[in-house]
Structure formats: C-alpha cells, structure tokens
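The values are calculated or read from the model by the stated rules, or taken from the named source; none is laboratory data. Given the structure is predicted, the values throughout are model-derived calculations rather than measurements. Don't worry about glycine lacking a Cβ; one is built from the backbone with ideal geometry, like all the others, and counts go over all protein chains shown. Accessible surface areas use protein heavy atoms only, side chains included; no ligands, DNA or RNA. Shrake-Rupley method; radii C 1.70, N 1.55, O 1.52, S 1.80 Å.
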Amino acid sequence: MDFAFTAEQEELIRTLRGFARKELATRSQHWDKSGEFPASAWRQMGELGLLGLRAPAEYGGQETDLLTTGIAMEEIARGDFSCTYALQLAGLAGEIIGKNGSDEVKKRWLPGIISGESVVAIALTEPSVGSDAANLVCRAVRDGDEYVITGEKSGISMGMFAHVVMLFARTDASAKARGVTAFAVPLDAPGVSRSQLRDLGSRSIGRAVLSFDHVRIPASHRLGEEGTGFYQVMRGFDFNRVFITLACLGSAQASLEETMAYVKERKAFGKPIAQFEGVSFPIAEAATYVDAARWMSYRALWLADHGRPYTKEAAMAKWWGPKLAVETIHQCLLLHGHYGYTDELPFEQRLRDVIGLEIGDGTAEVMKLIVARELMGRETLPY
Ligand SMILES: Cc1cc2nc3c(=O)[nH]c(=O)nc-3n(C[C@H](O)[C@H](O)[C@H](O)COP(=O)(O)OP(=O)(O)OC[C@H]3O[C@@H](n4cnc5c(N)ncnc54)[C@H](O)[C@@H]3O)c2cc1C
C-alpha cells in the first residue's frame with residue numbers, strides 16, 4: 001500500500017490550487033448570478049491540459065490515469081464547482097468518442113474538446129426516463145448512409161452551449177439495454193432545438209431539454225456497434241461517479257478550511273468560538289467523514305487504474321460523497337452565523353451547486369441498488 005501522491009500529482013495539486021483560487025473563485029459568483037457560460041475558463045483549462053486528461057494522445061490528449069484526473073476534479077471544485085463539468089464531460093468524451101468513434105468523428109471533435117474551444121455534452125436522460133435509462137425511447141433509424149434521430153433528451157448539462165452531444169438512442173425496439181446505440185450528434189444540425197431549465201445551482205452549465213426532430217447524421221457518427229451504447233455509457237459512469245464525488249468533496253474541503261480559519265477569529269462570550277465544543281466537534285466530525293469519503297474515492301480510482309472491478313466502490317462513493325458534501329457545506333454555512341446565509345460568502349452557492357450531483361449521474365437510491373446487487377447478487381434487485 002502506498003498512500004502518497006507522486007511528485008507529478010503534488011505538482012498538479014499546487015498548480016491547480018493556485019489556478020482555482022486566482023482564476024475561478026474570483027469569477028464563480030459572477031457566472032452563478034449571470035448564468036454566463038465560462039468560455040474563457042474552459043479554454044484556460046484546455047491550455048492546462050485538463051480537458052485532454054482522458055483523451056487519446058493521437059488527438060492531443062494525455063491518457064492520464066483516473067486517480068490523477070480525480071485529484072484535478074477536487075482542485076477545480078475548490079474554485080468553481082460548475083467548472084468541474086468541463087473535466088467530467090471531456091473525460092467521458094475521451095472514453096466514449098476516443099474508444100468508439102470513427103477516425104472522422106475523432107478528428108472532427110476531439111482536438112476542439114481538448115483545447116476547450118468545442119463543448120461536448122452527454123444525453124441519456126429523457127422526459128420519461130432517468131434512473132431507468134435502459135428504457136429510453138429516443139430512436140435512431142438507419143436510412144442508407146444516415147441515421148434519422150427523433151426524440152427528446154432532458155436535463156442535459158451544457159445543453160444550451162454544447163457544439164456536439166454524445167447521444168443514446170434506441171436502434172432496436174425489441175431489446176432493452178442491448179437496443180441502445182451511441183451517436184455523436186452536431187448540435188447545429190437541422191431539426192435540433194434547445195430550451196433552458198431554470199436550476200437551483202450550477203447556473204452556468206446551461207442545463208437544457210434537447211429536442212431532435214428527424215435529425216439526420218452520417219452513419220459514420222455512430223459510436224461503436226449498434227446495441228453497445230448503454231454499456232459504453234455505464235462504463236464511463238463508473239469512473240465519472242467517483243470524479244463527481246471528488247468534486248463535491250473538494251467543495252466541502254474548501255468550505256471546511258475557510259470555516260476553521262473563521263471560527264478561530266470570530267469571538268463570542270469573550271473567546272474564539274473554536275473553543276466551544278459545539279463548534280469544534282462538528283468540524284472534527286465533518287473532517288473525519290470527508291477524509292474517509294476521499295480515500296474511498298481514491299481507492300475506487302486506484303482499482304480502476306489497476307484494471308480491477310470497482311463498480312461497487314464507485315456506487316458507494318457516489319451515494320455518500322455528494323450527500324456528505326451537502327451536510328458539510330450546510331454546517332460550514334451555519335458556523336458563519338448570518339453572514340454564511342448571505343451571498344457575500346460562497347457557502348450558499350456551493351450548497352446549491354453540490355445538491356445537483358446528489359441527482360445527476362445516478363441518485364443515491366439507484367447507487368444503493370448497485371451496491372446491494374454487487375454485494376448480494378441480482379436477486380436483490382426489485383426489477
Ligand atoms: C445537475 C444535474 C446534471 C445532469 N446532467 C445530465 C446530463 O448531462 N446528461 C443526462 O443525460 N442527464 C443528466 N442529468 C439527469 C440525471 O442523470 C437524472 O436526473 C437522474 O438519473 C435521475 O433521473 P430522473 O430525474 O428521471 O428521476 P427518476 O428516475 O424519475 O427518479 C425519481 C426519484 O425516484 C427514485 N427512484 C427511481 N427508481 C428507483 C428505484 N428503483 N428504487 C428506489 N428509488 C428509485 C430516484 O432515486 C429519485 O429520488 C442531470 C441531472 C442533474 C440534477
């Protein structure tokens with residue numbers, strides 16, 4: 001066992017911590033209030049190599065290990081939680097497009113995604129199916145050298161801004177998960193329309209409903225074989241769920257550090273409030289849980305990097321980490337008294353932001369079903 005980061009990882013943490021503090025934290029509230037897409041931050045993250053961490057070297061990526069990518073998520077989240085969606089989505093594109101795309105699709109999209117010039121989204125959820133994604137109804141029908149896509153996708157992060165979407169559609173009505181195929185769909189294609197959702201948090205990621213009305217794409221834009229789409233996205237979700245957990249924990253950790261500094265300064269009843277156990281014990285408890293969840297996440301990614309099964313560990317991290325981050329940030333907000341409740345401090349925004357990922361990429365209930373299935377077998381599933 002080795003619990004130490006490599007020298008390269010230490011260097012990455014130092015660089016990203018400075019970047020997040022200087023370039024992201026200073027603009028985070030503006031992006032939240034205006035709902036503006038942080039295009040310049042996307043490009044800066046591209047320049048830092050963060051959007052190519054999981055992409056093939058041939059297209060400008062770095063093929064970095066998952067653990068290092070997870071650490072990067074944590075650091076970016078300290079500055080602006082919504083900017084971690086850039087790493088998530090670029091990471092999924094590296095996996096899904098990088099491993100399954102035709103040369104034409106990879107050449108067209110990967111270099112731009114890696115540089116931060118092109119924005120990619122992933123569209124699985126639909127108005128009538130979310131947790132039960134294998135039952136999706138959006139369909140893709142082959143017509144000569146093209147596919148015709150018809151249907152609606154809902155709740156899509158970056159939906160308002162993305163240039164291309166990794167879309168999952170049904171190519172076989174008689175099969176469930178095995179009837180789902182992945183496609184790269186340019187969002188300037190005729191027949192695509194978008195409408196924005198008004199979210200509680202992460203307002204700069206333009207979550208949207210995407211509608212596809214007989215959208216024609218070349219057959220070369222299919223990602224992998226017909227019927228393999230659901231498995232591609234689930235493989236991606238295993239590591240992405242841990243990335244999400246680490247982003248939530250990064251936000252919680254930053255909140256804890258700011259709170260520790262504050263309670264040593266703030267006085268009540270003639271002494272620093274840190275001297276009251278009612279203040280120091282919740283901090284001690286939160287720090288313990290955050291540390292445990294972080295190491296659970298690192299271990300899950302370590303297992304993945306070593307080619308070992310980690311679906312159970314990823315689901316464990318995903319049901320617990322975002323919930324823990326919500327509780328920790330809430331506690332930090334309270335420990336700042338009424339100032340914590342204002343938008344002069346970052347806690348209310350962080351709280352709104354992390355709640356989204358208690359739902360996105362799989363709810364806690366669905367994660368617990370996965371954990372139970374992995375522990376006790378498929379006979380424990382209710383379906
Ligand atoms: C911030 C955010 C970002 C997102 N980004 C994307 C994106 O980029 N792309 C994309 O495709 N989707 C995205 N989503 C959608 C997200 O993946 C879905 O919302 C999620 O999978 C849940 O689906 P649903 O909303 O349809 O809820 P439902 O599936 O309708 O679930 C409703 C409730 O029922 C519970 N439930 C459902 N089934 C069971 C069960 N078997 N046992 C116990 N409880 C159950 C759920 O846990 C939940 O509490 C995003 C969502 C959020 C909030």
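Considering only protein heavy atoms and a probe of 1.4 Å, how much of the accessible area of region 121-227 is carbon and sulfur, as a whole percent? Can you show the working numbers first?
Details: 2070 of 4460 Å².
Percent of accessible area from carbon and sulfur atoms in region 121-227: 46.
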| query | For helix 229-265, what angle does its Cα long axis make with the longest principal axis of the chain, in degrees from 0 to 90 and rounded to 10? | reply | 20
| Rounded to whole Hz, the Karplus (6.51, -1.76, 1.60) HN-Hα couplings of region 287-301, x for glycine and proline | 4, 5, 5, 4, 4, 5, 5, 5, 5, 4, 5, 4, 5, 4, 6
| Ranked from the most accessible area to the least, with a 1.4 Å probe and all protein chains present, what is the order of M158, M316? | M316, M158
| How much accessible surface does T6 have with a 1.4 Å probe, in Å² rounded to 10? | 60
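At 4 °C and a viscosity of 1.567 mPa s, what translational diffusion coefficient does Stokes-Einstein give for the chain, taking Rh as the Kirkwood radius over Cα pairs? Give it in µm²/s as a whole number. List each step's numbers first, then the result.
Working: Rh = 21.4 Å.
It diffuses with D of about 61 µm²/s by this estimate.
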| request: Let me have the 222 nm mean residue ellipticity of the chain computed from DSSP H runs of 4+ only, each contributing -39500 (n - 2.57), with the sum over all residues rounded to the nearest 500. | output: -17000 deg cm²/dmol
| remark: For H330, the accessible surface traced by a 1.4 Å probe with all protein chains present amounts, in square angstrom to the nearest 10, to 90
| Could you give me the ³J(HN,Hα) list for region 215-228, computed from phi with Karplus coefficients 6.51, -1.76, 1.60 and θ = phi - 60°, whole Hz, x at Gly and Pro? | 7, 9, 10, x, 4, 5, 8, 6, 9, x, 6, 4, x, 9
| query | Relative to the first principal axis of the alpha-carbon coordinates of the chain, what is the inclination of helix 311-335, with its axis defined by its Cα atoms, in degrees from 0 to 90 and to the nearest 10? | reply | 40
| note | The answer for T125, listing residues at least 5 apart or on another chain whose modeled amide H is closer than 5 Å to its amide H, is S154
| note | Note, region 186-198: 3J(HN,Hα) by Karplus (6.51, -1.76, 1.60, θ = phi - 60°), whole Hz, Gly/Pro = x, goes x, 7, 9, 5, x, x, 8, 9, 10, 9, 6, 9, 9
| query | With every protein chain present, what accessible area does T380 have (1.4 Å probe, heavy atoms only), rounded to the nearest 10 Å²? | reply | 50
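Dividing the Cα radius of gyration by the Kirkwood radius, what Rg/Rh value follows for region 121-227? Intermediate results must be reported in sequence, preceding the final value.
Numbers: Rg = 13.2 Å, Rh = 13.7 Å.
On the Cα set of region 121-227, Rg over Rh gives 0.96.
Give the accessible surface of the chain per residue, rounded to a whole number of Å², with probe radius 1.4 Å and ligands, DNA and RNA excluded. Please list the in-between numbers first.
Working: 17000 Å² over 383 residues.
With all protein chains present, the chain gives 44 Å² per residue.
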| query | Hey, if you drop one equal point scatterer on each alpha-carbon of region 7-118 and run the Debye formula without solvent, what base-10 log of I(q)/I(0) do you get at q = 0.13, 0.15, 0.22 Å⁻¹? | reply | -0.46, -0.60, -1.15
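Hey, which of these cross-link pairs are over 19 Å Cα-Cα: K99/K368; K318/K368; K323/K368? The partial results should precede the final answer.
Details: K99/K368 29 Å; K318/K368 9 Å; K323/K368 13 Å.
Too far apart for the 19 Å limit: K99/K368.
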| remark: With the charge dipole of region 230-380 built from beta-carbon charges (+1 for Lys and Arg, -1 for Asp and Glu) about the Cα centre, the Cα from Y262, F281, Y298 projecting farthest to the positive end belongs to Y298
| query | Largest first, what is the accessible-area ranking of S280, S128 with a 1.4 Å probe? | reply | S128, S280
| said: On a full-extension model of 0.36 nm per residue, what is the gain between V137 and F276, subtracting their alpha-carbon distance, rounded to one decimal in nm? | reply: 44.4 nm
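Working out 0.36 nm times the residue gap between I13 and A219, then minus their Cα-Cα distance, what length gain in nm do you get to one decimal? Don't skip to the end; give the middle numbers.
Numbers: separation 206, 0.36 × 206 = 74.16 nm, distance 4.18 nm.
Contour length minus Cα-Cα distance gives 70.0 nm.
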| query | In nm, to one decimal, how far is the A175 label point from the E58 one, both placed 7 Å along Cα→Cβ? | reply | 2.6
| query | Against the longest principal axis of the chain, how steep is helix 103-115, in degrees 0 to 90 to the nearest 10, with axes from Cα atoms? | reply | 20
| message | On a straight-distance basis, which aspartates and glutamates could pair with K153 in a cross-link, Cα separation under 19 angstrom, same-chain partners fewer than 8 positions away excluded? | response | E126, D132, D172, D188, D199, D213, D361
